[in-house]
Structures are given as structure tokens and as C-alpha cells.
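Contents: one structure, followed by commentary.
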Amino acid sequence: MEFQLFNTKPSARGAAQPDSLDFNFDRLKVVSHLVILAALVFFGIAAIVGPSGGSEEGEISWLVSVILISMPGYLVVRLLLEQRLERPILRLTQEGFFDRRQDRDWVSWPEVEEASPKRQLLMRGVKIVLSDGSRADVDMTFLQGTPRQVIEFIQQAARKAEARNREDADEDETADR
């Protein structure tokens, strides 16, 4: 599936694509999520030390408190650890891409079978299926930029690779004659 380009003005249609795109964390998105998660942890702690924390009726509040502390607490720690990663977090080039948050090495474009938008309740990104059946999804939730930019870059890199392959095939054909 191809997306229409962002800027469809005639002056932008023929604009050259950059050789690479780099995406880093969007500080505003990260800080806003950290504030919300910290508030959930605070409410969990307040439920424990609050007036119902020690009563029999408080057993339910203990369960809620553990959930409100453990899950958001884990996400806070994970998000803070990701902030320590070397920049850029996501790099796209004409040869492939690399996401520092994943345990995967460099992924070249010939390995990619499918790239499509991925939108879930709290996550947005790009679903990438590789030729061996594995996935190398890119989470754009906390990054600058949009999944659409990533998909457009992939599509244009694929078009350029096809054009290069056709040129190479034509050169081979003329050399054979």
C-alpha cells in the first residue's frame, strides 16, 4: 500500500529524498508520559498509606495499589533507561535501517517483505515483516516524526533500489551483446 506524499504541492513532488533519516526521542512526549506514569505510581502509594490501607476492605486496594505501582513503575524505569541510548535512536538509510531499542542488527531493505502502519491503543509505529518471517517493528510512540515518514522513506528507497537493479540488468544485457 502506498501513501500519498505529505506535501503535494508541485514544487515538493520532485523534491529529492534525503539519503538518510534520523529519529530521536521527542522530549515533550517522553516527559508527558513520565508525568502520567508517575501520577499512577503516586496514586498506588496513596492507596496503600491512605485510610483504608490497613483494613480488611483494603485488600482490594492493595491489589489495585500493586498494579498501580508495578506496571507504571516498570514503564518509567524502561523509558528512563531508553533515554540513555546513543543517538539517533532510529536511522534509515538507502541500504536499510537500525533501531537502537531492538536487539536486532542492521536490517537491509532486501530483507523487508512488508511495511505497514501499526496503530494500537497506546502505540503507533510501523509493522515490518522480514523475508524469514520474523518481525522488526518500529515503535514511533516516543520518537520525533511519524510512521508515515518511515513508510514513505521505505517506499522511495525500494523504488531507488528497483531502478538501480534495472540499470544493472540493462548494463549486463548490453555487455553481453
(request) Would you mind stating whether Asp105 is closer than 30 Å to Ala157 by Cα and open to solvent by 80 Å² or more (accessible area, probe 1.4 Å)? (result) yes
(request) Filter the range 107-153 down to residues that are over 12 Å from the mean Cα position of the chain (by Cα) and of a type in the set (Val, Ile, Thr) and give me whichever is farthest from Lys29 (Cα to Cα). (result) Val112
(message) Can you find a residue that is within 17 Å of Gln156 (Cβ to Cβ) and modelled with pLDDT of 85 or more anywhere in the range 22-35?
(response) yes
(request) Report, by residue number, each residue of the range 127-146 that is more than 19 Å from Ser32 (Cβ to Cβ) and either out of contact with any helix residue (DSSP H, G or I) (no Cβ under 7 Å at 6 or more places or on another chain) or part of a loop (DSSP other than H, G, I, E, B) (or both). (result) Lys127, Ile128, Val129, Ser131, Asp132, Gly133, Ser134, Arg135, Ala136, Asp137
(request) Looking for whichever is polar (S, T, N, Q) and more than 30 Å from Phe43 (Cα to Cα) here; the options are Gln155, Gln120. Which one fits? (result) Gln155
(message) It is to be established whether one or more residues within the range 112-126 are among the polar types (S, T, N, Q) and either in a loop (DSSP other than H, G, I, E, B) or open to solvent by 90 Å² or more (accessible area, probe 1.4 Å) (or both).
(response) yes
(message) Can you report the number of residues in the range 16-28 which are surrounded by 14 or more Cβ atoms within 10 Å (Cβ to Cβ) and either within 14 Å of Gln83 (Cα to Cα) or of a type in the set (A, V, I, L, M, F, W, C) (or both)?
(response) 5
(request) Please specify each residue of the range 127-139 satisfying the condition of being acidic (Asp, Glu), without any contact (Cβ under 8 Å) to a residue 24 or more places away in the chain and open to solvent by 40 Å² or more (accessible area, probe 1.4 Å). (result) Asp132
(request) Considering every residue within the range 153-176, establish whether at least one is assigned to a loop (DSSP other than H, G, I, E, B) and surrounded by 11 or more Cβ atoms within 10 Å (Cβ to Cβ). (result) no
(message) Please go through the range 65-100 and give me each residue that is β-branched (Val, Ile, Thr), surrounded by 15 or more Cβ atoms within 10 Å (Cβ to Cβ) and assigned to a helix (DSSP H, G or I), ordered by number.
(response) Ile69, Val76
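The values are calculated or read from the model by the stated rules, or taken from the named source; none is laboratory data. Just so it is clear, the model here is predicted, and its values are computed rather than measured. Note that we place each Cβ from the backbone using ideal geometry, even for glycine, and neighbour counts take in every protein chain shown. With ligands, DNA and RNA removed, areas are computed over all heavy atoms of the protein, side chains included. Shrake-Rupley method; radii C 1.70, N 1.55, O 1.52, S 1.80 Å.
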